[in-house]
Amino acid sequence: DGGITQSPKYLFRKEGQNVTLSCEQNLNHDAMYWYRQDPGQGLRLIYYSQIVNDFQKGDIAEGYSVSREKKESFPLTVTSAQKNPTAFYLCASSIRVNTEAFFGQGTRLTVV
Amino acid sequence: KNEVEQSPQNLTAQEGEFITINCSYSVGISALHWLQQHPGGGIVSLFMLSSGKKKHGRLIATINIQEKHSSLHITASHPRDSAVYICAVGFSTRPGGSQGNLIFGKGTKLSVKP
């Protein structure tokens, strides 16, 4: 089955630790995105990638880093510099930017 | 400044009712998306449209480009339709922000009672 897989679904980390969230897609999509969702707010873009080996900052990139070494994979690292990392993180992909996006099931990160 | 506004924020309906959720946006767009988010958090894309109207089963989405407004309708609503419905727009250019990405509304939480 084609789709986007995020893992894990729930993640707990201690404050000050970096953590990496996985996002894999087998849809052969060029574009991939990471969004953050907080209660009562719309999703906000962290980073996006239009093609392999390229990525751009979104609206709230501070404290996050990404890589796009393979077309299928777009991992997100939440660094210790992110002041409020506890949130729900969604990964998405599309054939290219501004086309229909397909979303993963999300990872709920809790930093204690 | 909210570039995408949804209304209502919360909506409770009885099973069988006709439901309308509205979305307004501020500047020209390349496309508008309607998404459904279930309590577990995963999001499903319902529609992507740039003009006119689309229908899928009991769901209908319309867009009026001149009025910068879109509606999502659910006919014969059912408890399994209970979810958060999110409007998102792709701006062809976005002043002061990233290009080539979606801007999301805050969502409408729909609860359909049996």
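None of the figures in this text is laboratory data; all of them are computed from the coordinates on show. What you see is a predicted model; the values in this text were computed from it and never measured. Note: ideal-geometry Cβ built from the backbone for every residue, glycine included; neighbour counts use all protein chains shown.
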Report summary line: With Cα springs under 10 Å, the Gaussian network model of chain B assigns the largest mean-square fluctuation among B:Gly40, B:Gly28, B:Gly16 to B:Gly40
Report summary line: When chain B is treated as a Gaussian network with springs between alpha carbons less than 10 Å apart, the largest mean-square fluctuation among B:Ser45, B:Ser77, B:Ser24 is found at B:Ser45
**Report entry** Cα gyration tensor shape for the stretch A:1-54, rounded if a/c is under 1.5, else prolate or oblate
**Finding:** prolate
Report summary line: Highest GNM mean-square fluctuation among A:Gln56, A:Gln41, A:Gln82, for chain A with Cα springs under 10 Å, belongs to A:Gln41
**Report entry** Summed residue charge, Cβ within 14 Å of B:Lys68's Cβ, Lys/Arg positive, Asp/Glu negative
**Finding:** -3
**Report entry** Charge tally in the Cβ shell below 10 Å around B:Gly41, where Lys, Arg are +1 and Asp, Glu are -1, B:Gly41 excluded
**Finding:** +2
Query raised in the report: What percent does the relative contact order of chain A come to when contacts are Cα pairs within less than 8 Å and at least six residues apart?
Result: 35 percent
Query raised in the report: Given charges of +1 on the Cβ of Lys and Arg and -1 on the Cβ of Asp and Glu, with all other atoms neutral, how large is the dipole of chain B about its Cα centre, in debye to the nearest 20?
Result: 120 debye
Report task. Identify, among B:His78, B:Val44, A:Ser94, the residue whose Cα sits farthest towards the positive end of the charge dipole of the protein assembly as shown, taking +1 on the Cβ of Lys and Arg and -1 on the Cβ of Asp and Glu, with the dipole about the Cα centre. Result -> B:His78
Query raised in the report: Past the 31 Å Cα-Cα mark, which pairs from A:Lys70/B:Lys55; A:Lys83/B:Lys68; A:Lys83/B:Lys113; A:Lys57/B:Lys106; A:Lys83/B:Lys53; B:Lys54/B:Lys113?
Result: A:Lys70/B:Lys55; A:Lys83/B:Lys68; A:Lys83/B:Lys113; A:Lys83/B:Lys53
Report summary line: Relative contact order in percent for chain B (Cα pairs under 8 Å, 6+ apart) equals 36 percent
Requested in this report: Would you mind counting up the charge near A:Pro39? Only other residues with Cβ under 15 Å from its Cβ, with Lys and Arg at +1 and Asp and Glu at -1.
Outcome: +4
Requested in this report: Please give every one of the aspartates and glutamates within straight-line cross-link reach of A:Lys9, meaning a C-alpha to C-alpha distance under 15 Å, and leave out same-chain neighbours fewer than 8 residues apart.
Outcome: A:Glu24
**Report entry** Simple Cβ-charge dipole of chain A, Lys/Arg +1 and Asp/Glu -1, about Cα centre, in debye nearest 20
**Finding:** 300 debye
Report summary line: Cβ density ranking, 10 Å radius, fewest first, applied to A:Phe74, B:Phe47 yields B:Phe47, A:Phe74
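What is the dipole size for the protein assembly as shown, taken about its Cα centre, with +1 at each Lys and Arg Cβ and -1 at each Asp and Glu Cβ, in debye to the nearest 20? Walk me through the intermediate numbers first.
On the way: 23 positive and 17 negative charges, 38 e Å.
With only Lys, Arg, Asp and Glu charged at Cβ, the dipole is about 180 debye.
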